[in-house]
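Please treat every number below as a calculation from the coordinates, not as lab data. The structure presented is a predicted model; accordingly, all values stated were derived computationally and were not measured. Don't worry about glycine lacking a Cβ; one is built from the backbone with ideal geometry, like all the others, and counts go over all protein chains shown.
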Amino acid sequence: MKSLEDLKKLREEALKKVEMREGGKDYRVVVGMATCGIAAGARPVLNKLVEETAAHDYNCVVTQTGCIGMCVYEPIVEVFDKEDGHTTYVHVDPEKAQKILEEHIGKGNILEEYTVEAARKSEGAR
């Protein structure tokens, strides 16, 4: 940091990150970050969600939680809306995370093929 402008820029970036965690947004995006989630690849998913949300100003707060209780489906991303709607996405990778932001958060379209319900149906078809 060499100038007041550098300090101001750093402050703005920090405030943006805090707002993503605490702001009054329409959606809350939660990533399961227990050891099972991390082992399955949740860290790159969380990073992608945070980066893309900041870059494109999606109307959501990105946060993390511990065990969601469905280790076999990790990495798990849950999306909560202001009307108490709740969608659980499973086997999420960074590419799916980006699509979730674009479609669900950006356009309000739930990606049914990524949900826990779709995963359970495909397991039953075996």
- Task: Would you please name the trypsin sites (Lys or Arg not before Pro) within segment 1-104 that are DSSP coil residues with at most 13 other C-beta atoms within 10 Å of their C-beta?
- Result: K2, K82
- Task: Mind putting a number on the dipole of segment 43-89 about its Cα centre? Charges go on the C-beta only, +1 for Lys and Arg and -1 for Asp and Glu, and I need it in Debye to the nearest 20.
- Result: 200 debye
- Message: Please list, by residue number, every one of the GluC sites (Glu not before Pro) in segment 34-105 that is coil in DSSP and has at most 11 other beta-carbon atoms within 10 Å.
- Response: E83
- Task: Subtract the Cα-Cα distance of S122 and R43 from 0.36 nm times their separation in residues, and report this length gain in nm to one decimal.
- Result: 25.8 nm
- Among V77, V72, V90, V116, rank each residue by its count of other Cβ atoms within 10 Å, from fewest to most, as a rough exposure measure. V72, V116, V90, V77
- Query: In nm, what is the difference between 0.36 nm times the number of residues separating C71 and T35 and their Cα-Cα distance?
  - Reply: 12.0 nm
- Size of the dipole of segment 24-124 about the Cα centre, Lys and Arg at +1 and Asp and Glu at -1 on the beta carbon, nothing else charged, in debye to 20? 220 debye
- Item | Translational diffusion of segment 73-126, µm² s⁻¹ [Kirkwood Rh, Cα pairs; Stokes-Einstein; 25 °C; 0.890 mPa s] | 214 µm²/s
- When the chain is fully extended, how far beyond the present Cα-Cα distance does H86 get from Q98, taking 0.36 nm per residue of separation? 2.5 nm
- Return the calculated 222 nm mean residue ellipticity for the chain, to the nearest 500 deg cm²/dmol, obtained by summing -39500 (n - 2.57) across DSSP H runs with n ≥ 4 and dividing by the residue count. -13500 deg cm²/dmol
- Query: With axes computed from alpha carbons, what is the tilt in degrees of helix 42-56 against the longest principal axis of the chain, rounded to the nearest 10 within 0 to 90?
  - Reply: 50 degrees
- Query: Ranking T87, T115 by Cβ neighbours within 10 Å, fewest first, what do you get?
  - Reply: T115, T87
- Range of Cα positions in the chain per principal axis (Å), largest first: 62, 30, 22
- Task: Express the relative contact order of segment 24-124 as a whole percentage, based on alpha carbon pairs under 8 Å and six or more residues apart in sequence.
- Result: 30 percent
